[in-house]
Every structure is written in structure tokens, then in C-alpha cells.
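Below is one structure; the comments refer to it alone.
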Amino acid sequence: MSESMVTVEEQADAAAEFTRGLVVAFGYDADVTTRREDDDTVIVDVSGDGLGLLVGPKGVTLHAIEELVRTAVQRQTEGHGARIHVDVGGYRAKRRAALGEFARSVAEEVRTSGEGRALEPMSASDRKAVHDSIADLDDVSTTSEGEDPRRRVVINPA
């Protein structure tokens, strides 16, 4: 099928159906819903009890699930479909908030010491959360250094 033949709604339905199959394969009973974030972004939400295995340590399993769902949907659109994101139990918002809080505390240490600090390597989405949380602060700035998978954020005095 070409991109023009598969609507974003159809892609969202396909993403939800594939995700439901994965959830069942993991042995869970969970609700899978979709929502549009903007014109070409679909969020697949998985909710239920005890879904930690679907998230994995630092969201590694969740990231893998998201890649599988994207691949399944892209096969229908020849790789030109909507952006697909998967979230389990609100993990992404919780992770973003926790990273923001951590980054602001490190930024305060950098302000006090006057010395930059490199954070541990993290995924692109986690780096973005750190950059976004520091962007509005005075007296500190962020850069990313290194190559994936060892790419990290460095917080420096401004």
C-alpha cells in the first residue's frame, strides 16, 4: 500500500492491533488505546496492572516494543507513515518528570561549583528531556557529546 492509501487513523488502528497482540504474547491483560498528538503522531497507550516487564530497566523493553510496532505499521505505508510512540502505564511522562528533576538538581550543583558535569549515557528521548528541562534556566547550558549508544548530556555553567 502507498502512503496515500493508509490514513493516520488506519495506522493508529494497526499499531493498536499489533500492540494488543504483543501484550497478549507477554501474557498480560491490558487496555490498548490510541490518541493523536498532532497531525502525524500517534501515541499507543497501554494501561493495566503490573506491566513493569513491558517497560523494562530504563525503558529498554518499551523502546524495543515501540520499534516493533513502528516496523509493523511502516510495512503498510512503505516507511512513510505517521510517527508512532508507545507508552506503558504513563512511563514516558513519569520518566520525563524524573529526568527533569534530576537535571535541575545537577544544574544547581553546576551553578554552585562552577564546573560542568557529564551525565550518564542516555537515549535520544532522555537527552531531549534533559535539554528541555535546562533550557529555561539561567547560568547553565547543555550540550550532547559522544556517539550513540554512549552519547551523553553535559551541563555547563553559562
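For residue 7, state whether it is modelled with pLDDT of 95 or more and among the polar types (S, T, N, Q).
no
Could you list, in sequence order, the residues of region 110-124 that are in a loop (DSSP other than H, G, I, E, B) and either of a type in the set (Gly, Ala, Ser) or over 20 Å from residue 95 (Cβ atoms) (or both)?
Listed by number, the residues that qualify are 114, 115, 116, 123.
Does residue 53 satisfy the criteria of being surrounded by 13 or more Cβ atoms within 10 Å (Cβ to Cβ) and touching a residue at least 12 places away in the same chain (Cβ under 8 Å)?
Judged against the criteria, residue 53 is not a match.
Hey, among the residues in region 132-143 that are surrounded by 15 or more Cβ atoms within 10 Å (Cβ to Cβ) and assigned to a strand (DSSP E or B), which one's farthest from the chain's Cα centre (by Cα)? Show your work before the answer.
Narrowing region 132-143 to residues surrounded by 15 or more Cβ atoms within 10 Å (Cβ to Cβ): 133-134, 137, 140-142.
Narrowing further to those that are assigned to a strand (DSSP E or B): 140-142.
Values: 140: 25, 141: 22, 142: 20 Å.
For region 132-143, the residue satisfying everything is 140.
From 71, 19, which residue is out of contact with any Leu (no Cβ under 8 Å at 6 or more places or on another chain), in contact (Cβ under 8 Å) with a residue 24 or more places away in the chain and either part of a helix (DSSP H, G or I) or within 21 Å of residue 122 (Cβ to Cβ) (or both)?
19
Find the residue count for region 83-142, including only residues that are within 30 Å of residue 68 (Cβ to Cβ) and among the hydroxyl-bearing types (Ser, Thr, Tyr).
Start the filter on region 83-142 by keeping residues that are within 30 Å of residue 68 (Cβ to Cβ), which leaves 83-100, 102-103, 119-133.
So of that shortlist, the ones also among the hydroxyl-bearing types (Ser, Thr, Tyr) come out as 91, 123, 125, 133.
Within region 83-142, residues that are within 30 Å of residue 68 (Cβ to Cβ) and among the hydroxyl-bearing types (Ser, Thr, Tyr) number 4.
Take residue 13 and tell me if it is more than 19 Å from the chain's Cα centre (by Cα) and either farther than 24 Å from residue 99 by Cα or modelled with pLDDT of 95 or more (or both).
Taking the combined requirement at face value, the residue satisfies it.
For region 1-50, what are the residues that are among the hydrophobic types (A, V, I, L, M, F, W, C) and surrounded by fewer than 16 Cβ atoms within 10 Å (Cβ to Cβ)? Walk me through how you get there before you give the answer.
Let us first name the residues in region 1-50 that are among the hydrophobic types (A, V, I, L, M, F, W, C), namely 1, 5-6, 8, 12, 14-16, 18, 22-26, 30, 32, 42-44, 46.
1, 5, 24, 25, 26 - these are the residues of region 1-50 that are among the hydrophobic types (A, V, I, L, M, F, W, C) and surrounded by fewer than 16 Cβ atoms within 10 Å (Cβ to Cβ).
Scan region 106-131 for residues that are farther than 17 Å from residue 149 by Cα and loosely packed, with under 12 Cβ neighbours inside 10 Å and report the count.
4
Just the residues that are more than 21 Å from the chain's Cα centre (by Cα) and either surrounded by 13 or more Cβ atoms within 10 Å (Cβ to Cβ) or closer than 17 Å to residue 46 by Cα (or both), please, taken from region 76-105.
Of everything in region 76-105, those that are more than 21 Å from the chain's Cα centre (by Cα) and either surrounded by 13 or more Cβ atoms within 10 Å (Cβ to Cβ) or closer than 17 Å to residue 46 by Cα (or both) turn out to be 76, 77.
Out of 66, 37, I need the residue that is touching a strand residue (DSSP E or B) at 6+ places or on another chain (Cβ under 8 Å), assigned to a strand (DSSP E or B) and not assigned by TED's automatic domain parsing to the domain that holds residue 127. Which one?
Of 66, 37, the one residue that is touching a strand residue (DSSP E or B) at 6+ places or on another chain (Cβ under 8 Å), assigned to a strand (DSSP E or B) and not assigned by TED's automatic domain parsing to the domain that holds residue 127 is 37.
The values are calculated or read from the model by the stated rules, or taken from the named source; none is laboratory data. Quantities reported herein were computed from a predicted structural model and do not represent experimental measurements. Glycine also receives a Cβ, built like all others from the backbone with ideal geometry; neighbour counts cover every protein chain displayed.
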